[in-house]
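Student: Shown below is the structure under consideration.
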Amino acid sequence: MSTIERVEVLVTSPGRNFVTLRITTSDGVTGLGDATLNGRELAVVAYLKEHIGPLLIGRDPQAIEDTWQYLYRGAYWRRGPVTMAAISAVDVALWDILGKVTGQPVYQLLGGASRTGALAYGHASGSDLPALFTSIQNHLDLGFRAIRVQSAIPGLDQVYGVGTDQQPGAKYDYEPAKRSAAPIEEGWDGRAYLRHVPTVFAAVREEFGPDLPLLHDAHHRLSPNEAAILGRSLEPYDLFWLEDCTPGENQEGLRRVRSQTTTPLAIGEVFNSVYDYQTLITEQLIDYVRSSVTHTGGITALRKIMDFAAIYQIKSGFHGPTDISPVGQAAALHLDLALHNFGIQEYMKHSDATLEVFQTSYTFANGLLHPGNNPGLGVGYDDDLADTFAYTPAYLPVNRLQLDGSLHDW
Ligand code: KDG
Ligand code: MG
C-alpha cells in the first residue's frame, strides 16, 4: 500500500504571502493544499510543521475522510481558523493525490460536472462614479457577467475593499493586507456609508441597466439594525447579494436583517465550520455560503456544508480573493463544477508573479471559470522561483476610528 512519506510546508511571497502544503507518497505522487491564512500565515506554518506533519507519515493517502476526522477530533481543540486552515490544506492535498493516482480531475471524483463552467464575479471599485464606471467597464470587457461594486465614502480617507482607481483597460489590483509590522487603523462612519451606498447603486443601474448582476460587500461593519436599513435601501437596485452585512458570528443578528429585507444575503468568508452556519442555514437566514475551501476544512467539509445548505435551497458563493492561493482557487473550482446548488464564484486574477510560481490549468472565458481536466487539482509549484520571494509580514487593516473620534464597536 502506498503511504504518506513526506510533508513539506512551503512559504513564498510573489507579491503577497502564501503558505502551501505538499504531501508526497511512497509512490512519488505529490499533492498540494493551500494553507494561507491572511495576516496569520506563520501560525498555520507552525501548526502544520509541529503538530500535523509528523502524524501523517505512514498513513494511507486515500483515506481522506478518515484522516480528516482523525485530525479534527484528534486535536481535542476543535475548530478555529488556524486548525481548520491546516486541516483544509491536508484534505485538499489528499484530493489532489487521489486525482493524480486515478488519472481524474478532482471534480470527476466529486460526482462529475453539473455545469460547463462556474459563473464568476469580479471586483470593481472607484473613488468616485466615473472611476467606478471605468472599473465596471474594464470587467465587462474582460468577459465578466457579474460584478461586485464598492465605492469610496465621502469624508473617509480610505475604505476597506476599495482599490486604487483603474485606468481604462488596466487590471484590477487590490490587496487589503499591507506590508507592515502592525495593522493599519482605518476610519469608519456607518451613517455616511448608509447614506452613500444606495446613491452609488442608483447611478450604476442608470449607467449599466437592469440586467447586470451586481453584488456588494459590507465587510462585517454594520450592526444588525444598520444592515437591515442597508438591505432595504438597496432593494430597488435588485442586488445579486449583500455580503457580510453584519458580523456573522452573531448568527441571531441575521434574524433582524432577514425579517426586514428581501435583498439576498451572503455570509461566511471568516467561518471555519458547519457550526458557524447552523442557525443561518436551518432558519434560512442567508441565501449564499461564502466560505472558502481553504478555511473551512477543505473539499470534504465544504461539500458537507453545501449538502446541508441544499436542503434549505441555499447556494454556494465561495470566497476567491487573491489571498486564496491558486491551489485554493482550483480546489473551489472543482467543487463549483460538481455541486448542484452552485450559485457563483468570486474571482480576482492573481498577479503574474503568483501565476509563475503556481502554474494553473483553470481558465476564464465568457464569464465562466473551469478547473481544467488535468488529473488532480491541475496546479503546479515552481520551488526555485518560489524561493526567490521571501516572506514579509502583512496585516489586514482594522476599521475602527469613527469620524467623531470615538471607536467603532460593531
Ligand atoms: O483576507 C481578507 C480578504 O480575503 C477579504 O477582505 C476579501 O472580503 C473579501 C472578499 O469578499 O473577497
Ligand atoms: Mg468579503
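The values are calculated or read from the model by the stated rules, or taken from the named source; none is laboratory data. The structure presented is a predicted model; accordingly, all values stated were derived computationally and were not measured. Virtual Cβ from ideal backbone geometry, glycine too; neighbours counted across all protein chains shown. Heavy atoms of the whole protein, side chains included, go into the accessibility calculation; ligands, DNA and RNA do not. Shrake-Rupley method; radii C 1.70, N 1.55, O 1.52, S 1.80 Å.
Student: Scan the helices (runs of 4 or more DSSP H) fully inside the stretch 72-191 and keep the ones with 2 or more residues being open to solvent by 20 Å² or more (accessible area, probe 1.4 Å) and of a type in the set (Val, Ile, Thr).
Tutor: 81-102
Student: Inside the stretch 1-41, can you point out the residues that are within 16 Å of ligand 2 (Cβ to nearest atom) and surrounded by fewer than 19 Cβ atoms within 10 Å (Cβ to Cβ)?
Tutor: Selection gives GLY39 alone.
Student: For the stretch 231-267, which positions are within 16 Å of ligand 1 (Cβ to nearest atom) and among the hydrophobic types (A, V, I, L, M, F, W, C)?
Tutor: Scanning the stretch 231-267 gives LEU239, PHE240, TRP241, LEU242, CYS245, LEU265, ALA266, ILE267.
Student: For GLY343, which of the numbered conditions (1) more than 16 Å from ligand 2 (Cβ to nearest atom); (2) farther than 18 Å from TYR172 by Cα fails to hold?
Tutor: That leaves (1) as the condition not met.
Student: Tally time: how many residues in the stretch 292-332 are touching a residue at least 24 places away in the same chain (Cβ under 8 Å), outside any loop (DSSP other than H, G, I, E, B) and of a type outside the set (Gly, Ala, Ser)?
Tutor: Adding up the residues that qualify gives 13.
Student: Related question: Given the criteria touching an Asp or Glu at 6+ places or on another chain (Cβ under 6 Å) and away from ligand 1 (no atom under 16 Å from the Cβ), does THR294 qualify?
Tutor: Taking the combined requirement at face value, the residue does not satisfy it.
Student: Is there a residue in the stretch 91-108 that is touching a residue at least 12 places away in the same chain (Cβ under 8 Å) and in contact with an Asp or Glu (Cβ under 6 Å, 6 or more places away or on another chain)?
Tutor: No, that holds for no residue.
Student: Identify the single condition in (1) modelled with pLDDT of 95 or more; (2) within 16 Å of ligand 1 (Cβ to nearest atom); (3) hydroxyl-bearing (Ser, Thr, Tyr) that TYR107 does not satisfy, given that it satisfies every other one.
Tutor: Condition not satisfied by TYR107: (2).
Student: Hey, another quick one. LEU215 versus (1) part of a loop (DSSP other than H, G, I, E, B); (2) under 20 Å from HIS123 (Cβ atoms): which is the lone unmet condition?
Tutor: (1)
Student: Is it true that some residue in the stretch 241-254 is assigned to a helix (DSSP H, G or I), within 16 Å of ligand 2 (Cβ to nearest atom) and touching a helix residue (DSSP H, G or I) at 6+ places or on another chain (Cβ under 9 Å)?
Tutor: Yes; the residues of the stretch 241-254 include at least one that is assigned to a helix (DSSP H, G or I), within 16 Å of ligand 2 (Cβ to nearest atom) and touching a helix residue (DSSP H, G or I) at 6+ places or on another chain (Cβ under 9 Å).
Student: For the stretch 333-358: of the residues being assigned to a helix (DSSP H, G or I) and open to solvent by 40 Å² or more (accessible area, probe 1.4 Å), which is nearest to ligand 1 (Cβ to nearest atom)?
Tutor: So the residue we want is LEU355.
Student: So the check is Cβ under 6 Å with 6+ separation or different chains; which pairs have a first residue in the stretch 385-396 that's farther than 26 Å from GLU185 by Cα and a second one that's open to solvent by less than 60 Å² (accessible area, probe 1.4 Å) and not β-branched (Val, Ile, Thr)?
Tutor: The qualifying pairs are PHE389/SER13; PHE389/PRO14.
Student: Residues of the stretch 364-410 being exposed (fewer than 14 other Cβ atoms within 10 Å of the Cβ) and small (Gly, Ala, Ser), which ones?
Tutor: ALA365, ALA390, GLY405, SER406
Student: Could you check the stretch 42-58 and list, in sequence order, the residues that are open to solvent by 50 Å² or more (accessible area, probe 1.4 Å) and either under 20 Å from SER2 (Cβ atoms) or under 23 Å from the mean Cα position of the chain (by Cα) (or both)?
Tutor: LEU42, PRO54, LEU55, ILE57
Student: Out of curiosity, is ILE147 within 16 Å of ligand 2 (Cβ to nearest atom), farther than 30 Å from SER2 by Cβ and touching a helix residue (DSSP H, G or I) at 6+ places or on another chain (Cβ under 8 Å)?
Tutor: yes
Student: On to the next question. Within the stretch 295-320, can you find the residues that are more than 15 Å from PHE271 (Cα to Cα) and either in contact with a Cys (Cβ under 9 Å, 6 or more places away or on another chain) or open to solvent by 10 Å² or more (accessible area, probe 1.4 Å) (or both)?
Tutor: THR300, ASP307, PHE308, ALA310, ILE311, TYR312, GLN313, LYS315
Student: While we're here: Can you find a residue in the stretch 347-355 that is among the polar types (S, T, N, Q), under 19 Å from the mean Cα position of the chain (by Cα) and farther than 30 Å from PRO183 by Cα?
Tutor: no
Student: A further question on this structure: If you check SER325, SER361, which single one turns out to be over 17 Å from the mean Cα position of the chain (by Cα) and open to solvent by less than 30 Å² (accessible area, probe 1.4 Å)?
Tutor: Among SER325, SER361, only SER361 is over 17 Å from the mean Cα position of the chain (by Cα) and open to solvent by less than 30 Å² (accessible area, probe 1.4 Å).
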